[in-house]
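Participant: Dropping the structure in here first, questions after.
The values are calculated or read from the model by the stated rules, or taken from the named source; none is laboratory data. Computed from a predicted structure; not experimentally measured. For neighbour counting, all protein chains shown are included, and Cβ atoms are generated from backbone atoms with ideal geometry for every residue, glycine included.
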Amino acid sequence: MTLYWSEAAADAIRRWVKKRGVAPGPLFTSRHKSRIGRTMLHYLMKRYCKEAGIPARRPTFILLSTRAAR
């Protein structure tokens, strides 16, 4: 799968990888250093959509239907 990012998003990901390191595993983790689960992803997407003013009844669907998942 190829992901297309804005330059600002690409810069943010580069900064995070520099801080996180390049070890194998999830890119984003929970407080317990494990992968973010489905419930937490749903919560975060709902919160971020609200903050961005995006009406999202199904926030994870919003992500999948954007350029981020193509």
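Participant: Determine the pairs where a residue that is over 22 Å from MET40 (Cα atoms), located within the range 1-28, has a partner that is of a type outside the set (Phe, Trp, Tyr) and at pLDDT below 85 with Cβ atoms under 6 Å apart, the partner being 6 or more residues away or on another chain.
Facilitator: From residues that are over 22 Å from MET40 (Cα atoms), the pairs are TYR4/ARG67.
Participant: Step by step: first the residues of the range 1-55, then only those that are among the polar types (S, T, N, Q) and outside any loop (DSSP other than H, G, I, E, B), then the one that is surrounded by the fewest Cβ atoms within 10 Å (Cβ to Cβ). Which residue is that? Working first, answer last.
Facilitator: To start, the set of residues in the range 1-55 that are among the polar types (S, T, N, Q) comprises 2, 6, 29-30, 34, 39.
Right, trim to outside any loop (DSSP other than H, G, I, E, B) and you get 29, 39.
On the way: THR29: 12, THR39: 8.
Per the stated criteria, the residue is THR39.
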